[in-house]
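One structure below.
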């Protein structure tokens, strides 16, 4: 009944807020569930199986299985309350805004889950998830792939659904472990053009606990935040921009080079850092979102129309000029 008045997107946000409030009240009123000690969960998180293969130089890693959701608990530490500015947009609102300003020709999503993010697309799309359970109404020409992202990227015709058009917009929200997010970005970039945009989710965890590799009850970002510094150090040609969105922030990456092999070449070198065990230590500048862009202000910049204009025949030099404003943020 409320949808005609407030709109479908606002109604969804209200429903999420109500669900969070109910969970908070239930936690305060009821007894803690079995397996909990204070604030710390003993719920197991996914770990890569021991038989996985290392990726080739291109960054692919065939044979990974993400269905395994069990691992031993790990220690976690608490952090003081964050002091970052209140986000002006939720993750879903920001993604919706990017669809609007980018007007992509193609959309790729890693980690479909219930399909609520995929439902924002109105163009040919591919959604990849080994265990998706889509409940949201999808309004686009979509190919749903029930596979791990590593298996998906290992196929020779992974994006044949796009008929030769590069991936204009990609959203990476797969397994919440740094090595998986790193490989997903490496593989996605190969399918893009210089004017494409990639968004990685859960990049601004609000505490060490929320950034644990072992899944916790409630909000869980995992340790994918580690990918940002590697991208900045090893790929200075990229613009890697954190964005202050609710709940756990995103990172926008532009200035892509589909021909670069740097990230695949250094995978074995950076793997130990990516897989560093719990407890995690999230840097203060990440906790407090220092330097993170305001989501609403970012969407208002003219760079998105410039990237649309550069799609046909765009080269890295032209894109670098267009995204100079983002580099200075």
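Here are some notes:
- Here's the picture: a label point sits 7 Å out from the Cα of residue 327 along the beta-carbon direction, and within the range 169-196 the residues with their amide nitrogen under 18 Å of it are 194-196.
- Anisotropy class of the range 216-299 from Cα gyration tensor, a/c 1.5 cut: oblate
- By average C-beta atoms within 10 angstrom, highest first, the peptides 91-98, 197-204: 197-204, 91-98
- Cut-off 19 Å (backbone N to label point 7 Å along Cα→Cβ of residue 165), residues of the range 127-146: 127-128, 138-145
- Segment residue 215-residue 135, length gained on full extension (0.36 nm per residue, minus Cα span): 26.5 nm
- Global dimensions of the range 77-327 from alpha-carbon coordinates: Rg and Dmax equal 17.0, 50 Å.
- Extended-chain gain in nm, criterion 0.36 nm per residue less alpha-carbon gap, residue 84 and residue 155: 21.4 nm
- Highest average packing first - 186-195, 159-168, Cβ atoms within 10 Å: 186-195, 159-168
- Protection proxy ranking of 208-215, 254-261, by the mean of other Cβ atoms within 10 Å over each peptide's residues and highest first, is 208-215, 254-261.
Readers should treat all values here as calculations from the given coordinates under stated rules, not as data from a laboratory. None of these values were measured; they are calculated from a predicted model. All Cβ positions, even for glycine, are placed from backbone atoms using ideal geometry, and neighbour counts span all protein chains on display.
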